[in-house]
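Single-structure report; data block below.
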């Protein structure tokens, strides 16, 4: 596995040395996208490094961790054919191939994608590590609605008119990234829609069917956010329903606010953040509790309040220091996981 990772990194750097950036620049910072291009087919090399220090105040334990070390290539081979490859060399210490897909643009604003990708569903779970507002993901993004799979999607973006919208729909294996050789009588599906009904506003809704093992799970999600140069306010709710009453419905909420001020002294900006997120008892749908004849409980229900400050060396999501404190609340009798307790987190994130 180590030799494979080194070979992939070497290949990525070789492409990078040959590449010329074909990205748009905003405030002097380049943006990476896969889109319909003109005649510039040079690949674009990009990546994210996120390293953090954590101290659990209740237990007195502490650790350093490289949370992400992502490398990727995006580009076009024709104006209507794009691609993306991305690997994480340290997803909590594990090497993972994340994205590997081809994207075709039959016409402007319409795209067809096939390969390995993040399934289009929810707001927070769809954010890459450099796009997150907090050092640690919400419960929706980490436990309840986090799905990456192999399949195909069709997306359409309507930019003109009084009500712009984006819609994505796809079919997926349902066996995750490592079970691609398995055959399936039925495929999973996911649909995500976004209404851009006013400047800065986004209303997102979606539904998704997954089948991690023998039980079908249906999820529904709705969320809204407002964003401008200073404020970002967001709220999201997810319902997870298990077929045959094999587990109680899961309810998850994520709500947060961020206020940014320019400081122009060593740092470019400072952001103040507060978040509330919660989830009820959760099962990933893969294992059974033989004594009860129902799916096993994977994560105990809990609530969390997070407060923090983000110091940005440039525009947000490029080079940030995220300082967060997380306060957890568990019901009586619940057993917290080792890493799901009150903690101070200091994360350094760099995007290139």
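Some notes on this structure:
- Virtual spin-label span in nm between residue 62 and residue 218, 7 Å along Cα→Cβ: 5.0
- With neighbour counts taken as other beta-carbon atoms within 10 Å, the residues 292, 84, 209 rank, fewest first, as 292, 209, 84.
- Projected label distance in nm at residue 314 and residue 195, using a 7 Å step from Cα toward the beta-carbon: 3.7
- When each of 207, 48 is scored by the number of other beta-carbon atoms lying within 10 Å, the sequence from fewest to most is 207, 48.
- Potential lengthening between residue 305 and residue 243 on full extension [0.36 nm per residue; Cα-Cα distance subtracted]: 19.2 nm
- Between residue 276 and residue 182, the simple label model (points 7 Å from Cα in the Cβ direction) yields a spacing of 3.8 nm.
- R0 of 41 Å, Cβ-Cβ distance residue 264-residue 298: FRET efficiency to nearest 0.05: 0.35
- Net length gained if the chain between residue 257 and residue 110 were fully extended (0.36 nm per residue, minus Cα distance): 49.7 nm
- Ranking of 187, 78, 98 by count of other Cβ atoms within 10 Å, fewest first: 78, 187, 98
Coordinate-derived values only; no laboratory data. Since we're looking at a predicted model, the values are computed, not measured. Cβ sites come from the backbone with ideal geometry, for glycine too, and all protein chains shown count toward neighbours.
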